[in-house]
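The values are calculated or read from the model by the stated rules, or taken from the named source; none is laboratory data. Everything numeric here is computed off the predicted structure, so don't read it as measured data. Positions of Cβ are generated from backbone atoms using ideal geometry, with glycine treated the same way; all protein chains shown enter the neighbour counts.
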Amino acid sequence: MFIAHLPAGYLLSRQIAKSHPAKGALIATGLLASVLPDTDLFWFYLVSDRQSVHHGYMFHWPLFWGLIAALSWGLSRALGAHGAGSFILVALANLLLHLALDSVAAGVGWLRPLSTIEVNLVEVPARHNWWVWNFVLHWTFGLELAIILAAGLTLRRDLLRRRPATP
Ligand SMILES: [Zn+2]
């Protein structure tokens, strides 16, 4: 998935944070987590010189994020920071959503490092010289556009609700 991670993260985070007193902070945490796995693109382009698929990196391993979430939850309990649980939950939910959406048109190793088997729901054929066109011109890109449209309409509605009524 290319451009719909942040909008998808907004749709998910606002649902999780719906009635939470720290709603804004939870949504912000969710938005950050929704794009966090793709920060491995810096490594992909700047360090490894595109030698391996970035979905193979640890930031695209669901079990890695599950372990980080479990350790964070354990640490927060040990420190008595009970309010951290909601933030860990919204972050983990968004991280897993990112990886689920990445699994639609590309491979994600849901059991890495235990197994190299990848989940790839739809195989996108290589028809164009520039690889980006293979994805942008494939029907699965319509899913991205639908998520962006839904998030845009939802954000607009949320902002209008927050606007104070004029006399
Ligand atoms: Zn990704």
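Structure data summary
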item	result
Matching option when the condition is touching a Lys or Arg at 6+ places or on another chain (Cβ under 6 Å) and either over 15 Å from residue 107 (Cβ atoms) or modelled with pLDDT of 95 or more (or both), among 65, 43, 61	61
Single unsatisfied condition, residue 78 versus (1) more than 28 Å from residue 154 (Cβ to Cβ); (2) in contact with a Pro (Cβ under 7 Å, 6 or more places away or on another chain)	(2)
Residue in segment 50-58 that is more than 16 Å from the ligand (Cβ to nearest atom), modelled with pLDDT under 95 and either in a helix (DSSP H, G or I) or over 30 Å from residue 154 (Cβ atoms) (or both) present	yes
Residue match in segment 89-108 (condition: free of Cβ contacts under 8 Å to residues at least 24 places away in the same chain, away from the ligand (no atom under 16 Å from the Cβ) and part of a helix (DSSP H, G or I))	no
Candidates 159, 153, 114, filtered to the one that is touching a residue at least 24 places away in the same chain (Cβ under 8 Å) and aliphatic (A, V, I, L, M)	114
Candidate set: segment 101-155, residues that are within 23 Å of residue 58 (Cα to Cα) and touching a Pro at 6+ places or on another chain (Cβ under 9 Å); chosen: the one surrounded by the fewest Cβ atoms within 10 Å (Cβ to Cβ)	111
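Residues are listed down the side, and each one gets a yes or a no for (1) within 12 Å of the ligand (Cβ to nearest atom); (2) out of contact with any helix residue (DSSP H, G or I) (no Cβ under 8 Å at 6 or more places or on another chain); (3) farther than 27 Å from residue 123 by Cβ:
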position: 2; (1), (2), (3): yes, no, no
position: 28; (1), (2), (3): no, yes, yes
position: 31; (1), (2), (3): no, no, yes
position: 69; (1), (2), (3): no, no, yes
